[in-house]
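The next block holds one structure in the form of structure tokens; read it before the comments.
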Amino acid sequence: MPGFELFGDAERQELQDVLDNGVLMRYGFDGMRKGHWKAKTLEEALQATMNVKHAQLVSSGTVAVTVALAAAGIGAGDEVIMPTFTFVASFEAIMMLGAIPILVDVDDTLTIDPKAVEAAISSKTKAIMPVHMCGSMANLDALQTICKEHDLLLIEDSSQATGATYNGKPLGSIGDIGCLSLDFVKIITAGEGGAVLTNNDKYHINADNYSDHGHDHIGQDRGAETHPIMGYNFRISELHAAVGLAQLRRLDEFVAIQNKNYSIIRGALSQIPEVTFRKVPEGGVESYSFLSFFLPDLETSRKVIQVFKENGIDACWNYYDNNWHYIRKWNHLKELKTLYPLSAEVKAGLKYLETRTFEQSDHYIGRNISCLIKLSWTEEDVIERSKKMVKSITSVLK
Ligand SMILES: *Cc1c(COP(=O)(O)O)cnc(C)c1O
């Protein structure tokens, strides 16, 4: 997945443009920049690539989720339904705004289960936030139906699925707001960065103002801009945007490389009857950043990961014991370890985490192995790797 595997002259040239004129700030300094607007140009390119009316760049994917929620007016005491399998950023972003993350099970798509979502809706629910983990998506048709029925917002975290599509539309362009990450390990990277995508004019203006201290960005003179709202500094720099711009132009190329490598490995693993693959909802096309499959049980998955390591197969994970991505090890969340006091409402809202178990998630995450698909492999590397993977799995199964 990581775009950093293929940095080249294009990234260097875009960066050089910024260094040559010395304007590292994305707003203002019009005279000095000799026509170079990297963040603005990347936003326009994202709008075209992702087929959305507006793209607002921000300083990270985590910030993109925070800004998206804030732009939609989500705050104190509001509940946001999110999956148990994601990245810690999902609950961090929700809690930043004084809102309450309501965690629900994932299903065989490895993303949020629409049935679990329905069961979790309360009078405080404001939004559903599917997270398109490991290059594939939640059942967005089912989630959109639930959102319409209960008057909820759909906010897509597509940080790990840039380049994937659903019913022909790019992931991140389907909900009311979509979020992308451009961090150092994502399919296209800016080093650090994120984007808020929407077709809603009001949400876009909110995201634009909120991410730059509430500046309205109307007119030429930054000093004369007014502050319709209170905001924060969540800006991206021109240096980051420059790298992101060069990388975005290569998105199709990256997805094609991943598809080729993924298909070879999947073809090899398909010969093992005990291996089944993650479900991709009808109408979905993965970004092929990961190949995710299931083994018969947790024990087998753990052993296979061990044997993979012994045989030099890196970048494959069973997320059951992972403390970044799965609920089981999020003790800092369950024990409410914050630097600052939480409101009584948030504390009460999170009390369910002390006792709630997630058997369905454990069932799927326990049996799952997800392998990163790299861009830098040669065809021989991939074939060699496939053979070693088949041999490793078969040796554990017998
Ligand atoms: C990477 C990631 C984020 C956050 O992105 P950063 O840019 O690292 O802040 C959010 N959600 C998911 C699912 C991610 O993988």
* Given labels modelled 7 Å from the Cα in the Cβ direction, how far is it in nm from residue 337 to residue 359? -> 3.0
* Got the relative contact order for segment 252-397 handy, in percent, Cα pairs under 8 Å and 6 or more residues apart? -> 40
* Asked: Any idea what the relative contact order of the chain is, in percent, if you count C-alpha pairs under 8 Å spaced at least 6 apart?
  -> 21
* Asked: Just the Cα atoms of segment 252-397, one point each, no solvent: what log10 I(q)/I(0) does Debye give at q = 0.11, 0.13, 0.20 Å⁻¹?
  -> -0.53, -0.68, -1.20
* Expressed as a whole number of Å, what is the distance separating the alpha-carbon centroids of segment 1-41 and segment 49-87? -> 25
* To do: Mind listing the lone cysteines of the chain, meaning no other Cys beta-carbon sits under 4.7 Å from theirs?
  => 134, 147, 179
* To do: Hydropathy first: keep DSSP H helices in the chain averaging at least -1.0 on Kyte-Doolittle, then drop any whose Cα extent along the axis falls short of 30 Å, and list what survives.
  => none
* Of the residues 35, 172, 61, which exhibits the maximal mean-square fluctuation in a Gaussian network model of the chain defined by a 10 Å Cα contact cut-off? -> 35
* If the cut-off is 19 Å between C-alpha atoms, which aspartates and glutamates fall inside it for residue 351, apart from same-chain ones fewer than 8 positions away? -> 78, 79, 92, 105, 335, 359
* Name the shape class, rounded, prolate or oblate, that the alpha-carbon gyration tensor gives for segment 343-398, where a ≥ b ≥ c are the square roots of its eigenvalues, rounded holds for a/c under 1.5, and otherwise prolate holds if a/b is larger than b/c and oblate otherwise. => oblate
* Structure fact -> Which of 142, 195, 116 fluctuates most in a GNM of the chain (C-alpha springs under 10 Å)? That residue is 142
* Asked: What is the extension gain from residue 148 to residue 32, computed as 0.36 nm multiplied by their sequence separation minus the C-alpha to C-alpha distance, in nm to one decimal?
  -> 36.9 nm
* To do: May I ask what percent, to the nearest 5, of DSSP beta bridges between residues of the chain are antiparallel?
  => 60
* Radius of gyration, Dmax [the chain; alpha carbons; angstrom] -> 21.4, 73
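A short reminder: the numbers here are calculations on the coordinates, not readings from a lab. None of the values given here were measured: they were computed from a predicted structure. All Cβ positions, glycine included, derive from the backbone under ideal geometry; neighbour counts span all protein chains shown.
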